[in-house]
Amino acid sequence: MGSVNHPLAGFCRDCLTLQHSAVRRCHACGSPRLLHHDELYSLSLAHIDCDAFYAAVEKRDNPDLRDKPLIIGGGKRGVVSTACYIARIHGVRSAMPMFKALEACPQAVVIKPDMEKYVRVGREIRQLMLELTPMVEPISIDEAFLDLKGTERLHRDPPARVLARFARRIEDEIGITISIGLSYCKFLAKVASDFEKPRGFSIIGEKEALSFLRDKSVTLIWGVGKAFAATLQADGIRTIGQLQEMEEAALMRVYGTMGQRLYRLSRGMDVRRVEPEGEMKSVSSETTFNTDLSSANDLVPILRSLSEKVSRRLKAGGIAGRTVVLKLKSQDFKSRTRNRQLSDPSQLADRIFRTGLQLLEKELDGTKFRLIGIGVSDLEDADKADPPDLVDNQATKRAVAEGAIDRLRTKYGNKAVETGYTFGTGRTERPPGNGKG
Ligand code: DCP
Ligand code: MG
């Protein structure tokens, strides 16, 4: 007894005192917020997500709002960005039209979003995360994955306790609350952080993954949105447990690569690693617009010129990328990242652009975007890049043409050759970095 590694020793999330048996309340401070779990001291992959983020920041800055239902929203789109947990009791939800939200909760206080403030607070939180480990992968303004493996010596405490202490620190120093999910993989860490919000701390261990997932809806699986869930439902599949009974080959036959994902995630198999920011793992270029844009006419030429920028940098570095990544940020600062694998690594502007275009076309649903970016990841040496394509003759011709254009540009400068897509787009753009989230 007394050792933190004792399998039955849990601890109190409020005062961190060890709890030696399955008591209901902390013997030191009386708090009911105790953590016990078989794998409590062996799990190290965490997902952290702030609770009712924008609303929490506004309540922090105006204590009069603390006990009132609060909606952050309105603005141009006329929808709810988020609602505090009091307003949620009345049924208010993110993305709900404002008028509906006010029907559900007429007494709510409404505040327009102050994005700059939220971005600033998000960055402060990220800085504190980086004090725990460099392995921090931000996912959005208020959430990130952290891999705390190997930090036990540094912190003289296992990840679970480091995280509990972190939640306290965010409450003390930032003045908002967070929820934590702790698991062995990204998928379940994220599921866990959502499990008992707000101020949650949920743990999903390896041993319980299958049974935990069994009765859950397929929509819990990453990448299964409304449309795909409907497809699955039409095929008679509603729960993850049903997927657990199916063969990988069968799922892949019907749903392609998505079938493989269904197979793996339904069994709690997820090998994606936490990828910290700032590693040279991709080459990309992005731009923020003066006015938000939604049409292909506006976006496609920009995509083309960004693809050319990326391609120039790849060629200069003698590298190529196997995955094309399109990034969009909408008016309300929501990021969309879409990617597609190529059959071979590429450094050609034309290939990057055309792949990016296919990804972009699916996103043109009237949404107004404030930022577009294109890039490649899965970088490799350029020697295997862009082999002559026997199937697609047109592509080969374009590659040859691109080689010729490159030679002209080296000789006469970048502006000497303009392709059809970029010609005449003398648009003024916000300097990069301005207003980035
Ligand atoms: N957001 C938005 N529009 C949405 C969803 C979210 O503008 N449809 C913004 C407001 C949120 C922030 O992004 O505060 C973070 O999104 P989350 O999904 O994490 O939602 P919250 O943090 O508000 O609540 P939760 O406690 O459920 O995480
Ligand atoms: Mg949140």
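Values quoted throughout were computed directly from the atomic coordinates according to the rules given, and no laboratory measurement underlies them. Computed from a predicted model, the values in this text were never measured in an experiment. Cβ atoms come from the backbone with ideal geometry, glycine included; neighbour counts cover every protein chain shown.
With a cut-off of at most 12 other beta carbons within 10 Å, and DSSP calling the residue loop, which GluC sites (Glu not before Pro) in segment 84-151 qualify? Please list them. Counting only loop positions with at most 12 other Cβ atoms within 10 Å, the GluC sites (Glu not before Pro) in segment 84-151 are E131.
For the chain, modelled as a GNM whose springs connect Cα atoms under 10 angstrom apart, the maximal fluctuation among T133, T323, T396 occurs at T396. The Cβ shell under 9 Å around Q341 holds other residues with a net charge of +1, Lys and Arg each +1, Asp and Glu each -1.
Rounded to the nearest Hz, the phi-derived 3J(HN,Hα) couplings of segment 131-146 under the Karplus curve 6.51 cos²θ - 1.76 cosθ + 1.60 (θ = phi - 60°) are 6, 7, 6, x, 7, 10, 10, x, 10, 8, 4, 10, 9, 7, 9, 10, where x marks glycine and proline.
The residue among V79, L130, P113 whose Cα reaches farthest toward the positive pole of the charge dipole of segment 74-153, with charges on the beta-carbon of Lys, Arg, Asp and Glu, is V79. Summing charges over neighbours of R168, with a neighbour being any other residue whose Cβ is under 15 Å away from its Cβ, gives -1 when K and R count +1 and D and E count -1. The value of relative contact order for segment 212-266, using C-alpha pairs under 8 Å at least six residues apart, is 36 percent.
Partnerless cysteines in the chain, where a partner means another cysteine C-beta under 4.7 angstrom, comprise C50, C84, C105, C185.
Placing +1 on the Cβ of every Lys and Arg and -1 on the Cβ of every Asp and Glu, with nothing else charged, gives segment 39-207 a dipole about its Cα centre of roughly 220 debye. Basic side chains Lys and Arg get +1 at the Cβ, acidic Asp and Glu get -1 at the Cβ, and with that the dipole of segment 72-148 about its Cα centre reaches some 480 debye. Take each peptide in 253-259, 65-71, count the other Cβ atoms within 10 Å of every residue, and average; sorted highest first, the result is 65-71, 253-259.
Averaging Cα coordinates gives a centre for segment 359-378 and one for segment 170-219; these two points are 30 Å apart.
Given charges of +1 on the Cβ of Lys and Arg and -1 on the Cβ of Asp and Glu, with all other atoms neutral, how large is the dipole of segment 212-266 about its Cα centre, in debye to the nearest 20?
180 debye
The three principal axes of the C-alpha atoms in the chain carry coordinate ranges of 77, 49, 49 Å, sorted with the longest axis first. So which aspartates and glutamates can K411 reach, going by Cα to Cα under 19 Å and dropping same-chain residues fewer than 8 places off? Partners within reach: E308, E402. Near the amide H of T82, within less than 5 Å, lie the amide hydrogens of I72, all on another chain or at least 5 residues away, with H placed in the peptide plane. Translational D (Stokes-Einstein, µm²/s) of segment 282-430 at 4 °C and 1.567 mPa s when Rh comes from the Kirkwood sum over C-alpha pairs? This corresponds to a translational diffusion coefficient of 83 µm²/s. Here's how it looks for I203: its modeled amide H is under 5 Å from those of L182, which are all 5 or more places away or on a different chain. If you count Lys pairs in segment 226-346 whose Cα atoms are under 24 Å apart, skipping same-chain pairs closer than 8 places in sequence, the total is 11.
The residues packed around A229, meaning those with a beta-carbon under 14 Å from its beta-carbon, carry a net charge of +3 if Lys and Arg are +1 and Asp and Glu are -1.
Measuring between their Cα centroids, segment 258-330 and segment 69-146 lie 26 Å from each other.
In the chain, helical runs assigned H by DSSP with n ≥ 4 each contribute -39500 (n - 2.57); averaged across all residues and rounded to the nearest 500, the mean residue ellipticity at 222 nm is -10500 deg cm²/dmol. Each residue of segment 34-47 was assigned a 3J(HN,Hα) from its phi angle through the Karplus expression (A = 6.51, B = -1.76, C = 1.60, θ = phi - 60°), giving 9, 10, 9, 6, 4, 9, 3, 9, 10, 7, 9, 9, 10, 10 Hz with x at Gly and Pro.
Which order, highest average first, do 326-339, 234-247 follow once you tally other Cβ atoms within 10 Å for each residue and take the mean per peptide? Present the calculation step by step, with values, prior to reporting the outcome.
Values: 326-339: 17.2, 234-247: 14.8.
Highest to lowest by the protection proxy: 326-339, 234-247.
For an R0 of 35 angstrom, estimate the FRET efficiency from the Cβ-Cβ distance between L128 and V23 and round to the nearest 0.05. Computed FRET efficiency for L128 and V23: 0.65. Between A55, A192, A395, the GNM of the chain built on Cα springs shorter than 10 angstrom shows A395 fluctuating the most. Taking the DSSP bridge list for the chain and keeping only pairs wholly inside it, about 90 percent are antiparallel.
Mind checking which of V79, V400, V119 has the largest fluctuation in a GNM of the chain, springs on alpha carbons under 10 Å? So, out of V79, V400, V119, the one fluctuating most is V400.
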